[in-house]
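Report on the following structure.
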Amino acid sequence: MRKHAFLLLVHNQPILLRHLLTRLQCPSHYFFIHVDKRVDLNPFKEMVSDVPQVFFLQDRKACNWGGNNMVWATLELLKTAQGANDFAYYHLVSGTDAFCSTNKEFDSFFENNCRNYIAKLPNSSEYEWREKIYGLENFLSRRKKWGDFVCRNVIKVQRKVQKFVPLRKGLPKEIVYCKGSQWWSLHSSMVQYILNFLKNNHWYLECFSNSFCSDEAFFQTLVYNSPLKENIVSNNLRYIDWSPKYPKENLPRILNESDFAAIISSGKFFCRKMDENKSRKLMEMIDSAS
């Protein structure tokens, strides 16, 4: 049976991490976890201490929303996992995800598969300005009102200036900018291509350094401009709801029991976002269904 590496970006709610890992637990599944540097690592380690094949990164980064530390943390997870074992697939997963399928169905789907599952928006070029400005999200948290105020207004000013004076060189003309969901499942051949490319092309890392929301474009742009692009499926196999059910609801929505039917019928393997309190009944329903 093929081996799978699950790369987890985690920053809160250890209970959700345990729920995810215990559902995914099987001999062919390995877990590599990056916990935000600002958070105590011990509660997460204790919560999954009885789950085998779990590895926590010691070199941790502070990952703000929109900052490119999210990308650097993902790269560290990829490198660590690739050096640890011979994996067929690498799955980038959030600590607020839930596994909504079965291990049997999951392993069967990927057993004789070499495709890469990563979503891309058809109108990606509309967002290329993100890579051509300087984002402050690595240094200021948008979760705080003053941080959000500063970051938003700095971006507005830069976008106006950019119409007259280029702020950054940007990507080479032959590379098409692509944007999509941060989460993906990549075949080992694509992961090998990514790591080799970055080893020999440091300019690509510099292009996305201190840019805005690079986690939604760094890997998407790289794989869709790769020699392996014919093996890409623009579907990341994640159920995510971006449709608000009430005014000013934070998106993507925090899922609850009312979403159960849609999640199960979606055919996706993961669903997000979950909350250990608001999604408790939904998690129980998912457990019962499988």
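What follows draws every value from the coordinates through simple rules; no lab data is involved. Source: prediction; values computed, not measured. For neighbour counting, all protein chains shown are included, and Cβ atoms are generated from backbone atoms with ideal geometry for every residue, glycine included.
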The helix 69-84 Cα axis meets the longest alpha-carbon principal axis of the chain at an angle in degrees, between 0 and 90 and rounded to 10, of 50
Simple spin-label estimate for Lys281/Ile15, 7 Å along Cα→Cβ, in nm, reads 1.5
FRET efficiency (Ser108, Lys145; Cβ distance; R0 30 Å; to 0.05) is 0.05
For the chain, longest principal axis from Cα atoms; helix 280-289 axis from its Cα atoms; angle between them, nearest 10 degrees, is 60
Rounded to the nearest 5, the percent of antiparallel DSSP beta bridges in the chain equals 25
Using alpha carbon centers only, region 44-104 is separated from region 213-290 by a whole-angstrom value of 17
With +1 on the Cβ of every Lys and Arg and -1 on the Cβ of every Asp and Glu, the dipole magnitude of the chain about its Cα centre, in debye rounded to the nearest 20, is 1120
Protection proxy (average C-beta count within 10 Å per residue), highest first, orders 33-45, 173-185, 245-257, 64-76 as 64-76, 173-185, 33-45, 245-257
Note on the chain: contact order normalised by length, alpha-carbon pairs under 8 Å, 6 or more apart, percent, works out to 23
Residue span Tyr246 to Leu121: 0.36 nm per residue of separation minus Cα-Cα distance leaves a gain in nm of 42.5 nm
Expressed in nanometres to one decimal, the distance between label points 7 Å along Cα→Cβ at Val161 and Ala261 is 5.3
The simple spin-label model distance between Asn85 and Asp59, using points 7 Å out along Cα→Cβ, in nm, is 2.2
Answer in debye to the nearest 20: the dipole magnitude of region 164-221 about its Cα centre, from +1 Lys/Arg and -1 Asp/Glu charges placed on Cβ, is 140
Ratio for region 133-290, C-alpha Rg to 2.2 N^0.38 Å, reads 1.28
Here the relative contact order (percent) of region 1-85, from C-alpha pairs under 8 Å and at least 6 apart, is 33
For Lys45, counting only aspartates and glutamates whose alpha-carbon sits under 16 Å away and dropping same-chain residues fewer than eight positions off, the answer is Asp36, Asp59
In nanometres, the difference between 0.36 nm per residue of separation and the alpha-carbon distance of Ser28 and Lys199 is 58.7 nm
Ranked output for segments 24-32, 160-168 by mean other Cβ atoms within 10 Å, highest leading, reads 24-32, 160-168
In whole angstrom, largest first, the equivalent ellipsoid semi-axes that the Cα gyration tensor gives for region 243-290 are 19, 13, 9
Violations at 20 Å Cα threshold for listed pairs Lys248/Lys273; Lys145/Lys169; Lys144/Lys245 -> Lys145/Lys169; Lys144/Lys245
With +1 at each Lys and Arg Cβ and -1 at each Asp and Glu Cβ, the charge dipole magnitude of region 148-273 around its Cα centre, to the nearest 20 debye, comes out at 540
For region 42-141, the Debye formula with one identical point scatterer on each Cα and no solvent gives log10 I(q)/I(0) at q = 0.25 Å⁻¹ as -1.49
In whole µm²/s, the translational diffusion coefficient that Stokes-Einstein assigns to region 85-135, given a Kirkwood hydrodynamic radius over C-alpha pairs, 4 °C and 1.567 mPa s, equals 88
Taking every C-alpha to C-alpha distance in the chain and binning by 10 Å from 0, the per-bin percentages run 6, 27, 36, 24, 6, 1
Ranked output for segments 227-237, 144-154 by mean other Cβ atoms within 10 Å, highest leading, reads 227-237, 144-154
Cross-link reach from Lys179 to aspartates and glutamates, straight Cα distance under 19 Å and at least 8 residues apart if same chain, gives Glu126, Glu128, Glu131, Glu137, Glu206, Asp215, Glu216, Glu230, Asp241
Over the chain, the sum of -39500 (n - 2.57) across DSSP H runs of at least four, divided by residue number and rounded to 500 deg cm²/dmol, gives at 222 nm -10500 deg cm²/dmol
If the chain between Asn153 and Val233 were fully extended at 0.36 nm per residue, the gain over the current Cα-Cα distance would be 25.2 nm
